[in-house]
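Comments concern the structure below.
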């Protein structure tokens, strides 16, 4: 808006000096040249689209997080145990043993 006001003030002041005689020479100026130039400048300024886009946000590079390693407990080895029962000929238990590998 400030540019438009400045251009209009310039156009008014320039248009006032563009009229009439040239100082001391006695011939008419082309009264259409200055207003045409000023009008062209104003028209160009109004026809241009005015876009404001904020600057893009800064790019911040961060290190990736360290990898997380999950350790699973190893399964305990399965013990294979065997029970031995020793009997005599009458079925009486003499002794018992348990052997595990």
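Just to be sure before I move on: is residue 48 at pLDDT below 80 and surrounded by 10 or more Cβ atoms within 10 Å (Cβ to Cβ) in the structure I sent? No: the conditions fail for residue 48. Every listed requirement among (1) within 30 Å of residue 3 (Cα to Cα); (2) free of Cβ contacts under 8 Å to residues at least 12 places away in the same chain is met by residue 38 save one, (2).
How many residues does region 51-77 hold that are more than 30 Å from residue 101 (Cβ to Cβ) and at pLDDT 80 or above?
Within region 51-77, residues that are more than 30 Å from residue 101 (Cβ to Cβ) and at pLDDT 80 or above number 18.
The values are calculated or read from the model by the stated rules, or taken from the named source; none is laboratory data. This structure is a prediction, so every number in the text was calculated from the model and none was measured. Neighbour counts run over all protein chains shown; Cβ positions are idealised from the backbone, glycine included.
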